[in-house]
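**Student:** Pasting a structure below so you can have a look.
The values are calculated or read from the model by the stated rules, or taken from the named source; none is laboratory data. Given the structure is predicted, the values throughout are model-derived calculations rather than measurements. Note that we place each Cβ from the backbone using ideal geometry, even for glycine, and neighbour counts take in every protein chain shown.
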Amino acid sequence: MSTTTTTSTLNVLRNVFGYPSFRGAQAEIIDHVVGGCDALVLMPTGGGKSLCYQVPALLHPGCAVVISPLIALMQDQVDALKQLGVQAAFLNSSLDADAAREVYRQINRGELKLLYVAPERLMTQGFLELLDDLNEDNGIALFAIDEAHCVSQWGHDFRLEYRALTVLHERFPNVPRIALTATADAPTRAEIIERLQLEQAQQFVSSFDRPNIRYRITLKDNARKQLQTFLETEHPDDSGIVYCLSRKKVEETAAWLKEQGWDSLPYHAGLDAAVRSKNQKKFLREEGVIMVATVAFGMGIDKPNVRFVAHLDLPKSMEGYYQETGRAGRDGLPANAWMAYGLGDVVSMRQMLLSGDSPEERKRVELQKLDALLGFCESTNCRHQTILRYFGEEHPGDCGQCDNCLSPVDTWNATEAARMALSCVYRTGQRFGVAHLIDVLLGKVTPKIEQFNHQQLSTFGIGKELAQQQWSSVYRQLVAAGFISVDMEAYGGLKLTEISRPVLRGELEVWLRRDAEPAKRTSSKAERSSRLRETFAGANDDPLWQALKAKRMELAREQGVPPYVIFHDSTLLEMLNRKPQTLTEMGQISGIGQSKLTKYGDDFLQVLENVANGK
């Protein structure tokens, strides 16, 4: 990075956004895009993806066009940028005709630095012609394609409109493009590159790890009661999301929580649009609201102080689980990802996938993704390690923050069973799925086994001491532990990995999770204590903390924006701990740029002074 660029980018970062330094690869990405080059950015939720195109947009002449799939995300981003003194706007169906015309006028007058637009609107002939004029007159700074995984047919948020975005490269070949996503396994990443013609783009892949999230998974035993215990002991006053599989369960769970005294709201695609909008707005703009939702809620939600995500039903895949849990703790402060699952979840999800209208090839891939998630649930290994391994990344060691690291589960010496399972994969040619392999181990004579003459194999019938369900668990755990890989392009066949060799040679023991009894509710005091409370060190009971939050809420309501658009919790927490006494000291707090310092500095200094003087 050149000295000039470094100085310029740091000035924008500090003066506009109020951050002292870049994180991770942000500086390298920004320099690359400012230099006019294309980029594919994979960065976890809360990792600072938006800065990777917002900073170049402010450094480049012209207007940056951001393609975003959701109305809520656009409005959040624009609200936040306006607070920073940045000229930004969005165009989507939520605007009435007069408001939309005003945005078009701003575009024509060259007044905007960032314009957020839905892919459907961008692809209209009229809008493309508007971009032609913009490019000729004031210039297009860059194209940012957010939530780029929406282009993948194998992804969980597939949007057909994203396939047409190749027009950007074809029509504006000299405008740099940056595609961003928080979740993409190797096949999805390859498809993003192919579908968006990003073969020449430099890839920036940050760690997928979210070290501030504590993952916990428990077997279902009266799931509502378990959820209530989790909320009472860890999140009595916090905002969070509870995910359910069906619309009916969403409404029933939201109603039940409200009966128990929680401020809860339902959200699913079957609700009236006005109700959805109202509920979402309340969740974003108020504190302590719990949203009970299907996966229709969440993508692009920018609320940074979601302190927990709870799953009462199993998600469809590791990608889905990772993205949904990633909505917690975007501010970097501690958060919880809690899930209760049971055999009924597995049956329901399999039935839903098999009964869908998807082609058989897609169903096979979806079932393999579900199996990977089940393996993750059953694994005895560090949750962070297992998630990262799924995305092709290694974790340096146990995290010390997930349930398996904090309270190791009962295990059994499965070395011999693992050798049988791995040997069966090898003997059958490393191309068959779990169901067929289990039939071989149990000695079942099926038409498929006769077709391939597998009853003659040395592994035929050697696994009769274990039941089919136990063998399913063994295989899922071996996949989760990395001894076996799933070839999703070859009909879900299982293949041995290099680390399986020591097991087959008898050089390595394998210990797997034992089927557990329903979890007891007698967790220790240390287990119950929230990391958030440890981090805040009693902040919830501190009068200054409450006064700072009250001032933030007052200012947010005056302006009709969510509280976190004024300041994040992390900024208030630093204010609480450092207690600045002057505007200069206030301006040194992370998240307070020049615009916010001018707007709010005096207000919050007054709060600090009043509390200090006992007012």
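**Student:** Here's a check for you: in the stretch 16-40, which residue that is touching a Gly at 6+ places or on another chain (Cβ under 9 Å) and crowded, with 23+ Cβ neighbours inside 10 Å is nearest to Glu161 (Cα to Cα)?
**Tutor:** Gln26
**Student:** Quick one: in the stretch 426-462, of everything that is more than 22 Å from Arg501 (Cα to Cα) and among the polar types (S, T, N, Q), which residue is farthest from the chain's Cα centre (by Cα)?
**Tutor:** Per the criteria, the residue is Gln456.
**Student:** For the stretch 381-424, give me each residue that is among the polar types (S, T, N, Q) and under 23 Å from Glu324 (Cβ atoms). Please lay out each step first, then the result.
**Tutor:** Within the stretch 381-424, the first condition is being among the polar types (S, T, N, Q), and the residues that meet it are 381, 385-386, 401, 404, 407, 411, 413, 415, 423.
Within the stretch 381-424, Asn381, Gln385, Thr386, Gln401, Asn404 qualify.
**Student:** Given the options Gly46, Gly85, Gly110, name the one that is within 28 Å of Ala201 (Cα to Cα) and part of a loop (DSSP other than H, G, I, E, B).
**Tutor:** Working: Gly85 fails: within 28 Å of Ala201 (Cα to Cα); Gly110 fails: within 28 Å of Ala201 (Cα to Cα).
Matching residue, one of Gly46, Gly85, Gly110: Gly46.
**Student:** Among what's in the stretch 334-372 and is of a type in the set (A, V, I, L, M, F, W, C) and modelled with pLDDT of 90 or more, pick the residue that is farthest from Thr181 (Cα to Cα). Reasoning before the result, please.
**Tutor:** Just the residues of the stretch 334-372 that are of a type in the set (A, V, I, L, M, F, W, C), to begin with: 335, 337-340, 343, 346-347, 349, 352-354, 365, 367, 370, 372.
Filter once more, keeping what is modelled with pLDDT of 90 or more: 335, 337-340.
Working: Ala335: 21, Ala337: 20, Trp338: 23, Met339: 24, Ala340: 27 Å.
Among those residues, the one meeting the criterion is Ala340.
**Student:** So which of Leu142, Leu128, Leu95, Leu112 is surrounded by fewer than 19 Cβ atoms within 10 Å (Cβ to Cβ), of a type in the set (A, V, I, L, M, F, W, C) and under 27 Å from Asp38 (Cβ atoms)?
**Tutor:** Values: Leu142 fails: surrounded by fewer than 19 Cβ atoms within 10 Å (Cβ to Cβ); Leu95 fails: under 27 Å from Asp38 (Cβ atoms); Leu112 fails: surrounded by fewer than 19 Cβ atoms within 10 Å (Cβ to Cβ).
It is Leu128.
**Student:** Evaluate the stretch 210-224: report whether one residue or more is assigned by TED's automatic domain parsing to the domain that holds His311, closer than 30 Å to Leu406 by Cα and without any contact (Cβ under 8 Å) to a residue 24 or more places away in the chain.
**Tutor:** yes
**Student:** Hey, another quick one. Give the stretch 263-276 a look and list any residue that's of a type in the set (A, V, I, L, M, F, W, C) and either at pLDDT 95 or above or in contact with a Phe, Trp or Tyr (Cβ under 8 Å, 6 or more places away or on another chain) (or both), or say none.
**Tutor:** Scanning the stretch 263-276 gives a single hit, Leu265.
**Student:** Looking at Leu227 and the list (1) out of contact with any helix residue (DSSP H, G or I) (no Cβ under 6 Å at 6 or more places or on another chain); (2) under 21 Å from Leu284 (Cα atoms), which single condition is not satisfied?
**Tutor:** (2)
**Student:** Another question, then. Please work out if Lys551 is basic (Lys, Arg) and farther than 24 Å from Pro334 by Cα.
**Tutor:** Numbers: basic (Lys, Arg): yes; farther than 24 Å from Pro334 by Cα: no.
It is false that Lys551 is basic (Lys, Arg) and farther than 24 Å from Pro334 by Cα.
**Student:** So how many residues does the stretch 11-43 have that are assigned to a helix (DSSP H, G or I) and at pLDDT below 90? Talk me through it step by step, then tell me what you get.
**Tutor:** Here is the first cut: in the stretch 11-43, the ones assigned to a helix (DSSP H, G or I) are 11-17, 26-34.
Cutting the leftovers down to at pLDDT below 90 gives us none.
Total meeting the criteria: 0.
**Student:** Considering every residue within the stretch 56-64, establish whether at least one is under 24 Å from Gln83 (Cα atoms), among the small types (Gly, Ala, Ser) and surrounded by 22 or more Cβ atoms within 10 Å (Cβ to Cβ).
**Tutor:** yes
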